[in-house]
Amino acid sequence: MINESVAYQARYRVSWTVWGLVVAGLIAGTVALVVGGPDVGPLVAAGCFAASGTIFALYGHAALTGKVGLRVDQRGIQFGGRPPLYRATSDFVAWPDISAVYLFRVRLLLWTETYVGLEGHDGPAPLPQRIPANLVSMIWHVPADVVTASRSTNGFPVDPAALTAAMQHVAPGVPVVDLTAVAPMLTSTPRSPFG
């Protein structure tokens, strides 16, 4: 059942990506201890273990405290911030400023990331750019204005079907463009999706 005040909400959880980063740091630290020698090994291992602990602490805290990663309601779309600067990096865009919502994925080697992007009426939606300009050009299968006004869903799951249903309820004139069926590789040479 859809609540009138909040149509869709995705909360932070300790995702597979976070678990992967934590485990990778623990493995790298262990390898550093085994093969790094007495001078370098403990120092590198300490850095790897600290990185794993920090990642787990930040995203684990966001999950345990129920921080919202994405909220869709009658007013617009709220993107929750990134730990540890949750409040400072949270953003809101009202429906009158949004002409379409895009869901898309990109792949970098073994890592696949899902994004929610917003299209404005005349250019990018009013959302601070968090993706560096050089990466925007590497995401070739989505309009650059949408990539510029997008946020990663790393740390919280997004259900495309539930998000689309919520959008039809609160903003029926704003289409959801779901491109999550494929996850093209980031490429340093921008390519056209038609060639």
* To do: Could you figure out which of (1) within 22 Å of SER90 (Cβ to Cβ); (2) outside any loop (DSSP other than H, G, I, E, B) isn't true of LEU127?
  => (2)
* To do: Collect the residues in region 87-114 that are open to solvent by less than 70 Å² (accessible area, probe 1.4 Å), in a loop (DSSP other than H, G, I, E, B) and of a type outside the set (Gly, Ala, Ser), keeping them in residue-number order.
  => THR89, ILE98
* Taking into account only those residues within region 115-124 that are in a strand (DSSP E or B) and over 16 Å from GLY81 (Cα atoms), which is least open to solvent (accessible area, probe 1.4 Å)? -> LEU118
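Yes/no matrix, rows are residues, columns are (1) modelled with pLDDT under 90; (2) open to solvent by 60 Å² or more (accessible area, probe 1.4 Å):
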| residue | (1), (2) |
| --- | --- |
| MET1 | yes, yes |
| TYR8 | no, no |
| VAL40 | yes, yes |
| GLY53 | yes, no |
| ARG75 | no, yes |
| GLY81 | yes, no |
| LEU85 | yes, yes |
* Asked: Which one of the conditions (1) farther than 18 Å from ARG11 by Cβ; (2) touching a residue at least 60 places away in the same chain (Cβ under 8 Å) does LEU127 fail to meet, given that it meets all the rest?
  -> (2)
* Residue list for region 125-154, filter: open to solvent by 20 Å² or more (accessible area, probe 1.4 Å), among the aliphatic types (A, V, I, L, M) and modelled with pLDDT of 90 or more -> ALA144
* Asked: Could you count how many residues in region 10-29 are surrounded by 14 or more Cβ atoms within 10 Å (Cβ to Cβ), farther than 30 Å from ARG75 by Cβ and not hydrophobic (A, V, I, L, M, F, W, C)?
  -> 2
* Inspect all residues belonging to region 57-71 and state whether any of them is part of a helix (DSSP H, G or I), without any contact (Cβ under 8 Å) to a residue 12 or more places away in the chain and more than 16 Å from SER152 (Cβ to Cβ). => yes
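The values are calculated or read from the model by the stated rules, or taken from the named source; none is laboratory data. This one's a predicted model, so the numbers in the text were calculated from it and none came from an experiment. With ideal geometry, Cβ positions are generated from the backbone for all residues, glycine too; neighbour counts draw on all protein chains shown. Surface accessibility is based on the protein's heavy atoms, side chains included, excluding ligands, DNA and RNA. Shrake-Rupley method; radii C 1.70, N 1.55, O 1.52, S 1.80 Å.
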